[in-house]
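Bear in mind these aren't lab numbers, they're just calculated from the coordinates by the rules spelled out. For clarity, every value in this text was computed on a predicted model and none was experimentally measured. Here Cβ is always computed from backbone atoms with ideal geometry, including for glycine, and neighbour counts include all displayed protein chains.
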């Protein structure tokens, strides 16, 4: 990537000042971690969660050192466990008095052709990616409805929810489900002032993706992008900030593609 092509990292503008946010799967260098950081830069208080306890503690320490212990908290959460999901959102309300924004970033992928895919592979991807988003959205909406002051939910979908990709039947089905869940939840939540939207990234590069994807597939996917490069995780996070902020006050039930990919 040349200097001309390199995206510019914009500073925060206080778009989420005073708000309390929960971001799932936020430990590490992916979209969740980038979103937590961008939210803090925009003035929010953030409760980060992840199923990977060691990475979560390390990221909490990093964010706390930069933004202060009064604005950063962390709680391990496996989104396939209903009791842990309830505890996560109840902690946000107990610690900060309210819940303003939820980013459902937890998801699980993998590559397997359908004829070779086991029930366990299918169930695991669906349980984390779709059912986990359902559990977290349900928990958040219950608290936001009770509070009565509105709120925002942003789900992380994927362009494969629209576009076919070999070896991704379980992941594509889960992400298409996240899109449908987003639209239905938005209609139901509108009556108590909660907006529900989603982002659909194509290729945001981070270390975990490199570990689970072949170099050949990454090269192929990158070649499909109009800019000739992958997205940085913070570029996706910027769109999530927009959806969480007042700049998108009349937007709900939408899935925003964060992609330069062409068919």
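Taking 13 Å as the cut-off, no amide N atom of region 175-194 comes nearer than this to a point 7 Å along the Cα-to-beta-carbon line of residue 142. A straight chain from residue 64 to residue 249 at 0.36 nm per residue would run longer than the Cα-Cα distance by 63.6 nm. Per residue, the convex hull spanned by the Cα atoms of region 1-114 amounts to 143 cubic angstrom. Helical runs (DSSP H, four residues minimum) scored at -39500 (n - 2.57) apiece and divided by the length of the chain put the mean residue ellipticity at 222 nm at -13500 deg cm²/dmol.
Distance from the C-alpha centroid of region 160-186 to that of region 27-106: 25 Å, rounded to the whole angstrom. Mind pulling the angle between the C-alpha long axis of helix 169-189 and the longest principal axis of the chain? Nearest 10 degrees, somewhere in 0 to 90. The angle comes out near 30 degrees.
A crude spin-label estimate for the pair residue 95 and residue 80, with each label 7 Å from Cα along the Cβ direction, gives 2.5 nm.
Each Cα pair under 8 Å and six or more residues apart adds its sequence gap; the mean of these over the residue count of region 20-258 is a relative contact order of 20 percent. Note on residue 57/residue 235: beta-carbon distance plugged into 1/(1 + (r/R0)^6) with R0 of 25 Å gives a FRET efficiency of 0.40.
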